[in-house]
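What follows is calculated from the coordinates using simple rules that are stated; it is not laboratory data. This structure is a prediction, so every number in the text was calculated from the model and none was measured. For neighbour counting, all protein chains shown are included, and Cβ atoms are generated from backbone atoms with ideal geometry for every residue, glycine included.
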Amino acid sequence: MRIIGGTFKGLRLSKVGKGDAQAHLRPTSDRVRESIFNILLNGGYGDLVAGARILDLFAGTGALGLEALSRGAARAVFVDSGATAAALLQRNVDLCNAGENTQIIRSDALHCKLPRPKFDLVFMDPPYGKGLGHRALAHLQAMQYLSTGAFVVWEESAAQSAPDDFDLRDTRRFGGTFIHILQAV
């Protein structure tokens, strides 16, 4: 797993290792990450990354948030409840020398307390098939963590409908992975 573009381009991130099955880590592949960033930068929405405040929810290795920082995001907050994920996140932040622009919060994504100001772009890769995506989005809206018009990139194993207060802008399928681009309304 490596950073695809930007200032950290080519940097290899820490390997997930043997603990991934127990930790339920399923990193977004380089190919899918590259496609996501092509949509975010060239998908007709303008550049959604440069200067953005990023939330990487169910962050795992942090590859999506770190990719955004590499491409000009202002700050990234990573949220994951697992000890293995937190250790990987810290190693990857250190590899990128991105500590000044990041914060790691070890918390349940459905109840996390997040810093202000609000987030412009959210990456969300919950465990597949557990209905956590809709619940996480409801939490973000209820706590008013999203800026007006914020975009959400939601990775799931099946097509998802847009919850209330969101418009579905795009859906792409990559094998067994669906990427949904949502916008807060």
- Formal net charge of residues neighbouring Gly62 (Cβ-Cβ distance under 10 Å; K, R +1; D, E -1): -2
- antiparallel share of DSSP beta bridges within the range 112-185, to nearest 5, in %, is 75 percent
- Message: Taking Kirkwood radius over Cα pairs in Å straight from the coordinates, which label in (i) 19.4; (ii) 16.1; (iii) 17.7 is the correct one?
- Response: (ii)
- Using a simple charge model, +1 on the beta-carbon of Lys and Arg, -1 on the beta-carbon of Asp and Glu, nothing else, what dipole does the range 1-160 show about its Cα centre, in debye to the nearest 20? 220 debye
- Task: Provide the packing ranking of 42-48, 27-33, i.e. peptides ordered by the mean count of other C-beta atoms within 10 Å per residue, highest first.
- Result: 27-33, 42-48
- Please find, in a Gaussian network model of the chain (springs between Cα atoms separated by less than 10 Å), the residue of Ala109, Ala136, Ala159 whose mean-square fluctuation is greatest. Ala159
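What order, most packed first, do the peptides 4-14, 62-72, 82-92 have when packing is the mean number of other Cβ atoms within 10 Å of each residue? Mind dumping the intermediate values first?
On the way: 4-14: 15.5, 62-72: 25.5, 82-92: 19.5.
Top to bottom by mean Cβ count within 10 Å: 62-72, 82-92, 4-14.
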- Note on the structure: Within the under-13-Å Cβ sphere about Ala184, not counting Ala184, Lys/Arg +1 and Asp/Glu -1 give a net charge of -2
- Task: May I ask what percent, to the nearest 5, of DSSP beta bridges between residues of the chain are antiparallel?
- Result: 45 percent
- In nanometres, the difference between 0.36 nm per residue of separation and the alpha-carbon distance of Ser147 and Thr7 is 47.8 nm
- Query: How much net charge surrounds Val152 when only other residues with a Cβ under 15 Å from its Cβ are counted (Lys, Arg +1; Asp, Glu -1)?
  - Reply: -4
- Item | Separation in nanometres of the label points that stand 7 Å from Cα toward Cβ, at Ala50 and Leu110 | 4.0 nm
